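**Student:** Let me begin by handing over the structure; questions about it come next.
The values are calculated or read from the model by the stated rules, or taken from the named source; none is laboratory data. None of these values were measured; they are calculated from a predicted model. When we count neighbours, we look across all protein chains shown, and the Cβ atoms used for this are built from the backbone with ideal geometry, even at glycine. For accessibility, only protein heavy atoms count, side chains too; no ligands or nucleic acids. Shrake-Rupley method; radii C 1.70, N 1.55, O 1.52, S 1.80 Å.
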Amino acid sequence: MIKPFSFSELLARVQALIRRDKKNTQPMLLRVGDLEMDLLKHEIFRAGEKIELPAKEYGLLEYMMRHPGIVLSKTAILERVYDYAFDPQTNVVDVLVCRLRNKIDKDFEDKMIHTVRGMGYVLKAR
């Protein structure tokens, strides 16, 4: 905008930008089968039961829920959840997935987190 400008013109332009941005927003509720994640409240429910997760497990589950049915490699998980490079031979991801499985799948007949040998992990609903 060129000076001088009126406040009403500035307000109109800002509102137009906000309207455009709303079209590109990501969902605030992720759902895969009976698993739900509310991204605003940081709450997770499976079949109506609330599940508490620490930050890393929450980050892994969010990543998996944003890519349901897609095999995620250990390297991709390390880069996304930990934000830095680990030794590829480390078992950090295996431990993290094991802890997440104990909270997400343990009390349910239908398991959602699956291992794809030699590839990585996948989240899918039956």
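**Student:** For residue 45, which of the numbered conditions (1) within 15 Å of the chain's Cα centre (by Cα); (2) touching a residue at least 12 places away in the same chain (Cβ under 8 Å); (3) not in a helix (DSSP H, G or I) fails to hold?
**Tutor:** The one condition residue 45 does not meet is (2).
Residues checked against (1) assigned to a helix (DSSP H, G or I); (2) in contact with a Lys or Arg (Cβ under 7 Å, 6 or more places away or on another chain); (3) over 13 Å from residue 104 (Cβ atoms):
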{"position": "8", "(1), (2), (3)": "yes, no, yes"}
{"position": "13", "(1), (2), (3)": "yes, no, yes"}
{"position": "40", "(1), (2), (3)": "no, no, yes"}
{"position": "53", "(1), (2), (3)": "no, yes, no"}
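**Student:** If a residue must be of a type in the set (D, E, K, R) and over 17 Å from residue 59 (Cβ atoms), how many such residues does the stretch 91-126 contain? Please lay out each step first, then the result.
**Tutor:** Within the stretch 91-126, the first condition is being of a type in the set (D, E, K, R), and the residues that meet it are 94, 99, 101, 103, 105-107, 109-111, 117, 124, 126.
Remaining after also requiring over 17 Å from residue 59 (Cβ atoms): 105-107, 109-111, 117, 124, 126.
Residues in the stretch 91-126 being of a type in the set (D, E, K, R) and over 17 Å from residue 59 (Cβ atoms): 9 in total.
**Student:** Just the residues that are part of a loop (DSSP other than H, G, I, E, B) and either open to solvent by 90 Å² or more (accessible area, probe 1.4 Å) or not polar (S, T, N, Q) (or both), please, taken from the stretch 25-38. Can you show your working first?
**Tutor:** Just the residues of the stretch 25-38 that are part of a loop (DSSP other than H, G, I, E, B), to begin with: 25-28, 33-34.
Of everything in the stretch 25-38, those that are part of a loop (DSSP other than H, G, I, E, B) and either open to solvent by 90 Å² or more (accessible area, probe 1.4 Å) or not polar (S, T, N, Q) (or both) turn out to be 26, 27, 28, 33, 34.
This table checks each residue for (1) under 20 Å from residue 28 (Cβ atoms); (2) of a type in the set (Val, Ile, Thr); (3) assigned to a helix (DSSP H, G or I); (4) open to solvent by 80 Å² or more (accessible area, probe 1.4 Å).
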position: 58; (1), (2), (3), (4): yes, no, yes, no
position: 65; (1), (2), (3), (4): yes, no, yes, no
position: 70; (1), (2), (3), (4): no, yes, no, yes
position: 78; (1), (2), (3), (4): no, no, yes, no
position: 96; (1), (2), (3), (4): no, no, yes, no
position: 106; (1), (2), (3), (4): no, no, no, yes
position: 110; (1), (2), (3), (4): no, no, no, yes
position: 114; (1), (2), (3), (4): no, no, no, no
position: 121; (1), (2), (3), (4): no, no, no, no
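**Student:** Can you pull out the residues in the stretch 42-56 that are among the basic types (Lys, Arg) and open to solvent by 20 Å² or more (accessible area, probe 1.4 Å)?
**Tutor:** 50, 56 - these are the residues of the stretch 42-56 that are among the basic types (Lys, Arg) and open to solvent by 20 Å² or more (accessible area, probe 1.4 Å).
**Student:** Residues to consider are 96, 72, 100; find the one that is closer than 20 Å to residue 46 by Cα and within 14 Å of the chain's Cα centre (by Cα).
**Tutor:** Numbers: 96 fails: within 14 Å of the chain's Cα centre (by Cα); 72 fails: closer than 20 Å to residue 46 by Cα.
None of the other options fit; the residue is 100.
**Student:** While we're here: Condition first: closer than 19 Å to residue 50 by Cβ, of a type outside the set (D, E, K, R) and at pLDDT below 90. Now tell me which residues in the stretch 88-124 satisfy that.
**Tutor:** The answer is 108, and nothing else.
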